[in-house]
Amino acid sequence: MAENIVPRVRVPRDAKAGDVVSVRTLISHPMESGLRRGSDGNLIPRQIINRFTCTFNGATVVDVTVHPGVSTNPYFQFEAKVDASGTFAFSWYDDNGSVYTDTAEIAVA
Amino acid sequence: MTQTRRQFVGNGLAVAAAFFGLPHIASAATLEEAIAAFTSGSDAGADGITLIAPEIAENGNTVPIEVSAPGAAAIMLLAARNPSPDVCTFEFGPAAGSQMVSTRIRLAGEQEVIAIARMADGSFKQARQNVRVTIGGCGG
Amino acid sequence: MNKKTLLGGTAAAIVAVVAAGVGFADIRTGDSLVINGEIQIVTETAPPAFLEGVFNTVYSGWVFRTDETRAMQADDFDNPAMLYVEQGQTAFDTPMGTEGKSCASCHDNAESLAGVRATYPKWDAAHGAIQTVEMQVIECQTERMGVAEPYGYDSQQMRNMVALIASVGRGQTVNVAIDGPAADAWEKGREIYYTQYGQMELSCAQCHENNYGNLIRADHLSQGQVNGFPTYRLKNANIVSVHNRFRGCIRDTRGEPYAIGSPEFVALELYVASRGNGLSVEGPAVRN
């Protein structure tokens with residue numbers, strides 16, 4: 001069920017110091033709610049991304065607690081303030097214990 | 001598969017435990033409880049928070065939502081009539097550039113989407129919008 | 001079978017309900033779709049010659065969708081189907097089968113296949129049959145790559161690959177050949193299009209030719225164009241193949257659908273694709 005879980009992130013390549021930049025994230029994930037029944041009539045076990053975090057140079061941008069009410073292939077868009085060049089780090093926490101990560105660099109002039 | 005009554009009851013308990021037992025999925029049972037857990041019972045003002053949701057969603061599986069609450073420390077999104085009303089809660093850190101977020105949520109039928117912001121000073125703001133969910137013509 | 005005279009009671013009731021709907025007036029035409037700010041998509045155009053007098057304009061399914069759904073397709077990051085395109089790209093570059101070849105071994109890159117989606121299904125002289133993109137992928141796998149178990153026709157891997165091939169062809173004008181060796185299959189597809197199926201006794205045409213723009217329950221019927229396939233359906237939260245959609249339609253008539261990949265659905269795909277000649281390849285599109 002959880003095969004091919006691939007994160008995608010998009011941030012601008014460059015910005016000016018002090019800019020507020022848009023950050024978009026998407027991850028392929030079934031977000032199985034635990035409320036659906038399979039063809040055998042039994043409940044399909046819950047398996048969702050239950051937490052998503054984004055940091056910039058180690059400082060938190062957002063920390064999201066996620067419930068089954070978020071759609072399949074979870075999408076989050078938000079804004080970060082960048083004062084210097086650096087790295088965005090993204091983490092998606094799966095119910096099964098897996099943590100999927102991605103990073104993105106931005107050059108700040 | 002044949003199933004004895006005892007197995008059936010056992011499965012039911014296991015399901016109940018799966019719903020209510022594990023702390024990391026401690027979804028609030030009711031909307032009021034979910035709100036109270038976030039606001040500790042404080043009243044919420046209506047100014048300074050903007051919730052953008054479609055009046056009519058073409059499918060309840062993927063409903064785009066945007067919420068903005070300048071100065072918020074955290075924003076909670078709720079769907080009043082989902083099986084579990086919690087959708088997600090955004091906590092903003094020091095590197096946040098604004099308190100504006102977009103996501104896509106599930107809506108089990110027409111209902112109110114609720115956004116509650118916890119402001120830096122500990123006060124709360126709330127916005128609600130009703131979303132109608134289209135009944136598709138074709139199952140496909 | 002005559003589509004006008006054989007309306008069953010149930011179907012007649014449905015059409016009556018549809019006719020009472022809001023109708024085409026609340027569909028907003030005239031908007032243009034530009035993907036990523038650069039790929040111009042033709043979503044409304046003059047009908048192909050054989051549909052003159054039937055349609056004044058052919059419309060992409062995009063036209064019938066809400067602002068939110070339309071917007072999701074206008075940017076590759078917002079389009080969830082692109083997740084599957086990326087998976088297709090990974091598969092494209094990965095050797096499979098006993099020959100040790102990947103798709104890229106022969107085709108260099110996916111972009112070299114930009115012209116494919118717009119002209120398929122098309123006649124394949126070597127096989128003496130109409131081939132869909134899916135059949136072409138299976139042909140490559142079994143005849144050139146030494147793959148013992150090619151992708152299933154409607155498998156996730158196949159849909160990913162077909163979505164990749166469609167994505168690189170976005171903006172190209174759909175132009176499937178309907179004459180010459182394709183004529184027989186096209187005629188067969190046309191016959192299926194106008195045949196009423198199931199207990200509801202509904203043909204493709206009754207919904208998608210006679211009632212597009214009208215409401216079926218709370219949903220707008222489209223012209224049933226397939227230029228956006230494989231398409232990300234919000235309902236499925238995944239990409240869906242043309243044949244899967246055909247199957248769903250016939251099932252909804254309470255009929256017994258043809259099999260996915262069957263000659264009947266291949267013929268129907270050819271015919272339906274030709275009804276969109278002149279529109280742009282849009283797949284993977286986003287639909288409800």
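A few points about this structure:
- Of all residues in region C:66-113 being touching a strand residue (DSSP E or B) at 6+ places or on another chain (Cβ under 8 Å) and under 18 Å from C:PRO150 (Cβ atoms), the one that is surrounded by the most Cβ atoms within 10 Å (Cβ to Cβ): C:SER102
- Selection within region C:263-283 - in a helix (DSSP H, G or I) and either more than 10 Å from the chain's Cα centre (by Cα) or free of Cβ contacts under 8 Å to residues at least 60 places away in the same chain (or both): C:PRO263, C:GLU264, C:PHE265, C:VAL266, C:ALA267, C:LEU268, C:TYR271, C:SER274, C:ARG275
- Considering only residues in region A:1-18 that are closer than 21 Å to B:PHE90 by Cα and within 8 Å of another protein chain (Cβ to nearest Cβ), the one that is nearest to the chain's Cα centre (by Cα) turns out to be A:ARG8.
- All positions within region A:52-109 that are of a type in the set (A, V, I, L, M, F, W, C) and free of Cβ contacts under 8 Å to residues at least 12 places away in the same chain: A:ALA59, A:VAL99
- Strands (runs of 3 or more DSSP E) enclosed by region A:1-64 - at least 2 residues per element that are surrounded by fewer than 17 Cβ atoms within 10 Å (Cβ to Cβ): A:19-27
- The listed residue being in contact with a Phe, Trp or Tyr (Cβ under 8 Å, 6 or more places away or on another chain), within 13 Å of chain B (Cβ to nearest Cβ) and at pLDDT 95 or above, out of C:GLY189, C:GLY224: C:GLY224
- Where a residue in region C:69-95 is in contact (Cβ under 8 Å) with a residue 24 or more places away in the chain and its partner, wherever it lies, is crowded, with 23+ Cβ neighbours inside 10 Å and of a type in the set (Ser, Thr, Tyr), with Cβ under 6 Å and at least six apart: C:PRO80/C:TYR232; C:ALA81/C:TYR232; C:VAL85/C:SER167
- Qualifying positions in region B:51-80 - more than 11 Å from chain A (Cβ to nearest Cβ), under 20 Å from A:ASP63 (Cα atoms) and touching a residue at least 60 places away in the same chain (Cβ under 8 Å): B:LEU51
- Considered as a group, the residues in region C:227-248 that are part of a loop (DSSP other than H, G, I, E, B) and out of contact with any strand residue (DSSP E or B) (no Cβ under 8 Å at 6 or more places or on another chain) include one that is modelled with the highest pLDDT, and that residue is C:SER241.
- Some residue of region C:230-243 being among the polar types (S, T, N, Q), free of Cβ contacts under 8 Å to residues at least 24 places away in the same chain and more than 10 Å from chain B (Cβ to nearest Cβ): no
- For region C:76-95, the set of residues classified as closer than 12 Å to C:ALA285 by Cα and either aliphatic (A, V, I, L, M) or more than 9 Å from every other protein chain (Cβ to nearest Cβ) (or both) consists of C:ASP76, C:ASN79, C:ALA81, C:MET82, C:VAL85, listed by residue number.
- For A:LEU43, the requirement of being in contact with a helix residue (DSSP H, G or I) (Cβ under 8 Å, 6 or more places away or on another chain) and either hydrophobic (A, V, I, L, M, F, W, C) or at the interface with chain B (Cβ under 7 Å from one of its Cβ atoms) (or both) is met.
- Per the conditions (1) outside any strand (DSSP E or B); (2) over 13 Å from B:GLU58 (Cα atoms), the sole criterion not satisfied by B:ILE135 is (2).
- Restricted to helices (runs of 4 or more DSSP H) entirely inside region C:23-114, those with at least 3 residues that are out of contact with any Pro (no Cβ under 6 Å at 6 or more places or on another chain) and within 27 Å of A:PRO30 (Cα to Cα) are C:67-73, C:81-92.
- Exactly one residue out of B:PRO94, B:PRO83 is at the interface with chain A (Cβ under 7 Å from one of its Cβ atoms), closer than 16 Å to B:ARG118 by Cα, assigned to a loop (DSSP other than H, G, I, E, B) and without any contact (Cβ under 8 Å) to a residue 40 or more places away in the chain: that is B:PRO94.
The values are calculated or read from the model by the stated rules, or taken from the named source; none is laboratory data. Not measured: the values here are computed from a predicted model. Neighbour counts are summed over all protein chains in view; Cβ atoms, including those assigned to glycine, are modelled from backbone coordinates with ideal geometry.
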